[in-house]
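Peer 1: Before I ask anything, let me first share the structure, which is written out below as structure tokens.
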Amino acid sequence: MTTASTAARPGTAPLAPIAPLSPLLVLIMAMATGLAVASNYYPQPLLPTMADELGLSATQAGFIVTTAQLGYALGLLLIVPLGDLFERRGLIVTMTLLCAAGLLTTAFAPHFGVVLLGTALTGLLSVVAQLLVPFAATLATPDKRGKTVGTVMSGLLLGILLARTVAGSLAALGSWRTVYWVGAMAMVAMAAILYRALPRHHETAGLPYPRLLLSIATLFKEERVLRVRAVLGALTFANFSVLWTSMAFLLAAPPFRFSEGTIGLFGLAGAIGALAASAVGRLADHGKGEATTGIGLALLLLSWLPLAFAGQSLTAFIVGILALDLAVQGVHVSNQGAIYKIRPEARNRITAGYMTSNFIGAAAGSLASATAYSHAGWTGVVATGLAVSVLGFAAWAWARRRVA
């Protein structure tokens, strides 16, 4: 059994012994992370169908996605820091079961208001994914931390992307409600697996809950790396949401008129980029995280060039999806490699601060995308994505100049 190599800072309890991390456990954590975060992305290929059944406009339907992202951001801020107080396995299993309850709320929703309630609860509790990522970083040895985080992040991004494929296929077999019923059952089964597989692990920050939350602001104040990476993450995830929120409306409209099942299959294209996570993590282990960040942000900007022709060419659309999701993966894993090198005793709070910024960006991107599509169609979506990409690259270049 290995132990933590970095001593806790004053005011915190010493780091507890760390159980060995086997390849099987990494795989289970990756699958659990993907399944949890997928709960937030099931609605995206279903928006046109949900809008028809519930009598919603495109902007109202887009607000379902925005609600999911805001719920996730709130959970990151209020729940993820609890990993620095409570025993990790028990907290993770409990949240997984509660997330299943949120999915069932949406499945049985009689009207739009209850859909939003179930969506918010699911978003709030699916942040269990962001307890698993720093837990994996804690259990991993330093020389394999980047690779381990990258592997778990592969599960997370595959969950985000394949959620659309699974949701579209299940909706084609039943209805949009079928997606939520199946998702809830899968979360209950995963809770049982996690209870058997995860080691008990308890590190405490030695702070009461209100001070624990306030310490996140202190971390932002004291750690420049966290501030910079949070901004880059927010802009990157905003870009991700700009594409995927309005994609279903584009593909459901003329000239394509695709069904939910066909729309969901486009998630498979994005999944190819997600598979690069482990490789990106290895680059971070070898000190090349900063270069990977710059390349990823440049690729993110370039990805909108083929996406501009998505209305006329499915080939251009798929190329754009591949490039954008690969770029998002590269930047995100590089960001996590950077922030997990600071304050080992505060990884859950660092994750909370970083990921809260990311998903606030994602929620803003979803809302901006739905609004742009309502007013200017796909051209408005592309213009929005380009603007956010330019901001991201400019922020990275400015931060590099400040360091120099």
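The values are calculated or read from the model by the stated rules, or taken from the named source; none is laboratory data. Quantities reported herein were computed from a predicted structural model and do not represent experimental measurements. Cβ coordinates were reconstructed from backbone atoms using ideal geometry, including for glycine residues, and neighbour counts include every protein chain displayed.
Peer 1: Which ranges mark the helices (runs of 4 or more DSSP H) fully within the range 161-252 that have 1 or more residues being of a type in the set (Lys, Arg) and in contact with a helix residue (DSSP H, G or I) (Cβ under 8 Å, 6 or more places away or on another chain)?
Peer 2: Ranges flagged: 176-197, 224-252.
Peer 1: Looking at the range 85-113 only, could you name the residues that are at pLDDT below 90 and either assigned to a helix (DSSP H, G or I) or among the polar types (S, T, N, Q) (or both)?
Peer 2: Listed by number, the residues that qualify are 88, 112, 113.
Peer 1: Please specify each residue of the range 295-311 satisfying the condition of being farther than 26 Å from residue 253 by Cα, modelled with pLDDT of 90 or more and small (Gly, Ala, Ser).
Peer 2: 298
Peer 1: Quick one: in the range 21-45, which of the residues that are touching a helix residue (DSSP H, G or I) at 6+ places or on another chain (Cβ under 8 Å) and either at pLDDT below 85 or assigned to a loop (DSSP other than H, G, I, E, B) (or both) is farthest from residue 168 (Cα to Cα)?
Peer 2: Of everything passing the filter in the range 21-45, 21 is farthest from residue 168 (Cα to Cα).
Peer 1: Applying the selection to the range 83-96, what residues are more than 19 Å from residue 68 (Cβ to Cβ) and not β-branched (Val, Ile, Thr)?
Peer 2: 83, 84, 85, 86, 87, 88, 89, 90, 91
Peer 1: Do the conditions hold for residue 122, that is, is it of a type in the set (Val, Ile, Thr), buried (at least 24 other Cβ atoms within 10 Å of the Cβ), in contact with a Phe, Trp or Tyr (Cβ under 6 Å, 6 or more places away or on another chain) and more than 18 Å from residue 26 (Cα to Cα)?
Peer 2: No, not satisfied.
Peer 1: Taking the range 36-92 as the search range and keeping residues that are aromatic (Phe, Trp, Tyr) and more than 29 Å from residue 210 (Cα to Cα), which one is farthest from the chain's Cα centre (by Cα)? Please lay out each step first, then the result.
Peer 2: Taking the range 36-92 and keeping what is aromatic (Phe, Trp, Tyr), we get 41-42, 63, 72, 86.
Right, trim to more than 29 Å from residue 210 (Cα to Cα) and you get 41-42, 63.
Details: 41: 9, 42: 13, 63: 18 Å.
Out of the qualifying residues, it is 63.
Peer 1: Only one of these is part of a helix (DSSP H, G or I), under 26 Å from residue 254 (Cβ atoms) and of a type in the set (Ser, Thr, Tyr): 354, 373. Name it.
Peer 2: Sole residue among the options that is part of a helix (DSSP H, G or I), under 26 Å from residue 254 (Cβ atoms) and of a type in the set (Ser, Thr, Tyr): 373.
Peer 1: Regarding the range 303-326, can at least one residue be identified that is closer than 18 Å to residue 69 by Cβ, of a type in the set (Val, Ile, Thr), assigned to a helix (DSSP H, G or I) and under 19 Å from the mean Cα position of the chain (by Cα)?
Peer 2: Let us first name the residues in the range 303-326 that are closer than 18 Å to residue 69 by Cβ, namely 324-325.
Among the residues that remain, those that are also of a type in the set (Val, Ile, Thr) are: none.
No: the range 303-326 contains no residue that is closer than 18 Å to residue 69 by Cβ, of a type in the set (Val, Ile, Thr), assigned to a helix (DSSP H, G or I) and under 19 Å from the mean Cα position of the chain (by Cα).
Peer 1: Confirm whether residue 136 is within 21 Å of residue 68 (Cα to Cα), part of a helix (DSSP H, G or I) and touching a residue at least 60 places away in the same chain (Cβ under 8 Å).
Peer 2: So residue 136 fails the test.
Peer 1: Kindly list, by first and then second residue, each pair from a residue in the range 312-324 that is of a type outside the set (A, V, I, L, M, F, W, C) and at pLDDT 90 or above to a residue that is buried (at least 18 other Cβ atoms within 10 Å of the Cβ) and assigned to a helix (DSSP H, G or I), limited to pairs with Cβ atoms under 6 Å and residues at least 6 apart or on different chains.
Peer 2: Within 6 Å, the pairs are 320/303; 320/306; 320/307.
Peer 1: Mind checking which residues of the range 93-105 are under 19 Å from the mean Cα position of the chain (by Cα) and over 20 Å from residue 198 (Cβ atoms)?
Peer 2: 102, 103
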